[in-house]
Amino acid sequence: MKILVAEDEPIMLKTIELRLKKDGHEVIVTDNGLDAMKQIDAELPDLIITDIMMPYSSGLEIIGKVRALEGRKIPIIVLSAMGQENVVLEAFNLGADDYITKPFSPNELSIRVKKLTHSA
Amino acid sequence: MSPLNYFLYTVGPFQFVELMYLFISIIVLVVGFIAFYLFYRARRTARKMQLRLLYSEHISMLAICEGEQELQETIYDIHAQLKQQGLTEDEQGRGVLIKELVTAAKSMSGAAKENISAFYRAAGLDQITLSQLKSGAWHVKSRSIQTLSHLGQKQHIAKIYRHTNNRNELIRSEARVAVVKLTGFQGLRFLDVITYPLTEWEQLCLVHELSENHLPDFKHIPDWLHSDNDSVVEFALRLVESYRILELHGDVAFCLAHGQSSIRKKAVQAVRSINQPQTAPLLATQLLREEEDVQLVVLEAMGEVGSENDLAVLWPFLAHPRTVFKIAAARAIRNSHPYGMAMLRQRVDMEVHPWYILIPQLEEEVNA
């Protein structure tokens, strides 16, 4: 499965990438929202994991763009910091499928990805 | 004669040229120093970025380790690589590594966080942080306390604990939050001995830390409610309120007679949160003997827990000169009796300010 990960914190990005690769997924990574938008068009990922606060373009804009695309529905998992409940609600309103709050366990993320990919 | 003219008359042309050379040399030296400093800083920043990238790879490997054997092998590999690259003895390298480990530990939880802490200990980085803890600079000390707590270094708790009553507010604040982060309610034993106060911000941080996966242990709270340190009493009341500790009703009631009005206000809020049959009469008695600013808090509490037996103490407040008291008393009366609203309408003159506004507002609150 091809997964796009958009996260601006290098350690988190690398950890998520390695964890998902360990699970056998193909992973595309980006550290900013603008590049994530380009990667969505170019790579057509099967699942997107995006941070909310990112340079150039936020996670919410990415969700908005993906949901505006016609055709298949790409599952989206949102990464948010503690205390961003309002933003998470907005993400769900825009069409996010799941969310995970930082600090989080990479193992938990892996399970959530499995769950979403099985139900998709 | 002006100083400039005096200078021009007394300095000859040759001396003037010499002085010019001196100025030019100074300017060249200053510009050279700035250029060298900027170059040095850019090189240091570039190296820092390079190190961050390298460490993020290592830390991520650690974070995804599953099982003790894989973790030990990864720790060994990373340590060997760092040694080979000469980074174990490099001061800047170690500093960046500790910072990156803290960043990762703050963003991760569960096994990933434990793996990162295990590496920090195995690499002997905790000893570097402990040496920084002995520093005379408050910011270095505070940062080292933060590092130890974020990386879950429980084995060094005694060294952090001794700073919980440090004369520097920022150091003791970090230490207090750190011991609670590491050991939960057990860490609160510093409340038995501290002489410096707990600030409002510290209290909020401590309650926040306690709410995160720490099993509650309330056995010391009665002692803190009787502490000589007012801020400790305030914090203990905050705990009673947050955790709704019904068993401590008697101890909280004792605080209603405290000398400080701020403590009595907190005690009223706490006793309201652990409402029991004796709470309403207790508040009614308190209302009669309190000063104005506490009376308002008591009236608000009676709006939640008051009973019809307490109406007699509430009626006089409808004639209070301040509207805010009128509202609080009216709300308490409305909530204390099934016919409270009807009784209010009979008692007040609906044509008079502020009742012609307040009564419809109170009725609307019931309907909402």
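Coordinate-derived values only; no laboratory data. Keep in mind that this is a model prediction, so the values were computed, not measured. Reconstructed Cβ throughout: ideal geometry from the backbone, glycine too, with neighbour counts over all protein chains shown.
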field: Calculated diffusion of segment B:55-196, Stokes-Einstein form, Kirkwood radius summed over Cα pairs, 37 °C and 0.692 mPa s, µm²/s
entry: 209 µm²/s
task: Only bridges with both residues in chain A count here: give the DSSP antiparallel percent, nearest 5.
output: 0 percent
message: What do you get for trypsin sites (Lys or Arg not before Pro) in segment B:126-177 restricted to DSSP loop and a cutoff of at most 14 other Cβ within 10 Å of the site's Cβ?
response: B:K134, B:R162, B:R167
statement: Taking every other residue with Cβ under 15 Å from the Cβ of B:V305 and scoring Lys and Arg +1, Asp and Glu -1, one gets -1
query: Give me the log10 of I(q) over I(0) for the protein assembly as shown at q = 0.06, 0.07, 0.13 Å⁻¹, as the Debye formula computes it from C-alpha points; what are the numbers?
result: -0.49, -0.63, -1.17
field: Rounded Å value of the spacing that divides the Cα centres of segment B:171-237 and segment B:100-123
entry: 26 Å
field: Under DSSP loop assignment and at most 14 Cβ neighbours within 10 Å, longest GluC sites (Glu not before Pro)-free interval of chain B
entry: B:90-211
- line: Inverse of <1/r> over all distinct C-alpha pairs of segment A:2-119, i.e. the Kirkwood Rh in Å, gives 13.9 Å
- prompt: Helix B:169-183 versus the longest principal axis of chain B: what angle, 0 to 90°, nearest 10, using Cα atoms?
  reply: 80 degrees
field: Helix-derived mean residue ellipticity, 222 nm - over chain A, DSSP H n ≥ 4, -39500 (n - 2.57), to 500
entry: -15000 deg cm²/dmol
message: I'd like the mean, over residues of A:99-106, of how many other protein chain beta carbons sit within 10 Å of each residue's own Cβ.
response: 4
query: With no solvent and one point per C-alpha, what does the Debye sum give as log10 I(q)/I(0) for segment B:132-217 at q = 0.17, 0.19, 0.20, 0.25 Å⁻¹?
result: -0.61, -0.77, -0.86, -1.34
On Cα atoms only, tilt of B:138-150 relative to the major axis of chain B in degrees: 70 degrees
statement: Inter-chain shielding metric for B:61-73, i.e. average beta-carbon neighbours from other chains within 10 angstrom, reads 2
message: Averaged across B:325-338, how many Cβ atoms of other chains sit within 10 Å of each residue's Cβ atom?
response: 0
- prompt: How big is the equivalent ellipsoid of segment B:14-123 along its three axes, where each semi-axis is √(5λ) from the Cα gyration tensor, reported in whole Å from largest to smallest?
  reply: 48, 13, 9
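For segment A:33-102, which chymotrypsin sites (Phe, Trp or Tyr not before Pro) are in a loop by DSSP, counting at most 15 other Cβ atoms within 10 Å?
A:Y56
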statement: Here, chymotrypsin sites (Phe, Trp or Tyr not before Pro) of segment B:279-362 satisfying both criteria (DSSP loop; at most 16 other Cβ within 10 Å) are B:Y339
- prompt: Using the alpha-carbon centroid of each, what span in Å lies between segment B:1-57 and segment B:124-147?
  reply: 36 Å
- prompt: Once the other residues with Cβ under 13 Å from the Cβ of B:P197 are scored (Lys, Arg +1; Asp, Glu -1), what is the net sum?
  reply: -3
